[in-house]
Each structure stands twice: as C-alpha cells, then as structure tokens.
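Reading through the structure tokens given below for one structure.
Quick note: the coordinates plus some simple rules give every number you see, no bench work behind them. Here the structure is a predicted model, which is why all the values come from computation and not from measurement. Here the Cβ positions follow ideal geometry from the backbone for every residue, glycine too, while neighbour counts run over all protein chains shown.
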Amino acid sequence: MWYDDEIIVGDKVVCKTEKYIPNSVKDKDDFEFDDYFDEHYEYPQITVQMLKMGDLYWYISTTFLNGWINYVKIISAFMITRYKKYVDNVKEADEFNKEKEFHHTDIGKELEDDVLILAKDEYNENTYWFFWSDRDCSDSAIGRFQTKDSEKDVKKFFGDYCNKLSRELSVDYGADKAYDALKLDVKKFKGWIKL
C-alpha cells in the first residue's frame, strides 16, 4: 500500500513523499524473503530512474558516485584548484597523466583536490552524466541531462565551467590569484574507478 506523507509549515506543503508499506506475509510456508520486494531490477540500466533527468544532486557522498562512474564513458575530466596549492595540483595532474601500469583508478589516492568529470551514457543517446568528486567526500555532486548539442560543444561548455569554478574557488580558498582547471587524460581512468 502506498500513501503520501506531507510536511506542512504554516499553511504551505514543503515536502511530499511516498512511503511503501509492505503487505504482511499470509502464507509463511511459501514465503521467501525477496517476496517483500515488488520489483527486481538489474543494475545499472533501470536504476538510473533514481536520478531524475535534468536534475543535479548536491551534497552527495562520494561513495554514491562510485556506484555510477563505472557504468558510463568518461569523455572529459578536470581537477580544479580549491583545497591545495596550484603548484601541488600541477604536479599531481602531471603524474596522473603519465603512462603508468595499474589496474584500477583511485582518484582519492592520486589527486588531492576536487575532480569534475563529464561522461556519456552508454545506454541512452544524447545523454550525459556530470560528477563532482569533492575531496572532503561529503559534498560531491551528480546529475544527468540530455541535449541535442554536439559532443564537442558539451565538452567545451564543460571545460569553460571547470575553468570558471577553479578560478573562483582558488581565490575563495586563499590562493594568491585565480587558476584555471587542470585537464586530466580520460584514458588514464582505467579498471574499476573509485572517486
């Protein structure tokens, strides 16, 4: 049974949610635990319904991003200067972009500042994914959108966005001047990726 739960402040509804009340087990002999679930979906294709098209979700745990990044094709990535000094970020980005032997990418161990990623959906045409992996692991972002713009244009807009963010945040977080974002080689994202 489904029912709505409303949170009302004054005379205004500020939040409306749906809750699921499972049916009780009537015949315990034929019951299996997964009978509590109405539907079973194979991850990840159908679960993208969890993230509404065109919405950007902020203050998401980085571990949540890890569940999605491995099911898309990364087409552009940048590290912005926010928490670390620009000279340190340049060294880390250069090291990341070098040819190296490893089986899986662990961004948290290789890069110590925020990483922004643009990816294409492999199942839906003209669909893109955005990931912002924040180094403090709690206020990352994820979203997906569709557009008729060319991939070249989407990548350009993304690069412009990353540069603008890096210039703003580097100064906001104490840098002596504004710094552009550092491009990361998408071919270096290998194996099982962990943000």
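Residue count for segment 92-110, restricted to those that are in contact with a strand residue (DSSP E or B) (Cβ under 9 Å, 6 or more places away or on another chain) and in contact (Cβ under 8 Å) with a residue 40 or more places away in the chain: 8.
Residues checked against (1) among the small types (Gly, Ala, Ser); (2) closer than 17 Å to ALA77 by Cβ:
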site: LYS109; (1), (2): no, yes
site: ASP113; (1), (2): no, yes
site: SER138; (1), (2): yes, no
site: TYR161; (1), (2): no, yes
site: ASP172; (1), (2): no, no
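Counting the residues of segment 62-77 that are within 9 Å of the chain's Cα centre (by Cα) and polar (S, T, N, Q) gives 2. In segment 60-96, which residue that is touching a Ser or Thr at 6+ places or on another chain (Cβ under 7 Å) and of a type outside the set (Lys, Arg) is farthest from CYS137 (Cα to Cα)? Filtering segment 60-96 for residues that are touching a Ser or Thr at 6+ places or on another chain (Cβ under 7 Å) and of a type outside the set (Lys, Arg), the one farthest from CYS137 (Cα to Cα) comes out as TYR86. One residue stands out among those in segment 84-143 that are farther than 18 Å from GLY159 by Cβ and among the hydrophobic types (A, V, I, L, M, F, W, C): the one that is surrounded by the most Cβ atoms within 10 Å (Cβ to Cβ), which is ILE107. Annotation note: of TYR179, TYR173, the sole residue that is in contact (Cβ under 8 Å) with a residue 40 or more places away in the chain, aromatic (Phe, Trp, Tyr), under 16 Å from ILE80 (Cβ atoms) and surrounded by fewer than 15 Cβ atoms within 10 Å (Cβ to Cβ) is TYR173.
State the number of residues belonging to segment 92-117 that are closer than 18 Å to LEU169 by Cβ and touching a Lys or Arg at 6+ places or on another chain (Cβ under 7 Å). Number of matching residues: 4.
Can you spot a residue in segment 143-159 that is more than 25 Å from TYR59 (Cα to Cα) and in contact (Cβ under 8 Å) with a residue 40 or more places away in the chain? Within segment 143-159 (the criterion being more than 25 Å from TYR59 (Cα to Cα) and in contact (Cβ under 8 Å) with a residue 40 or more places away in the chain), the answer is yes, since at least one residue qualifies.
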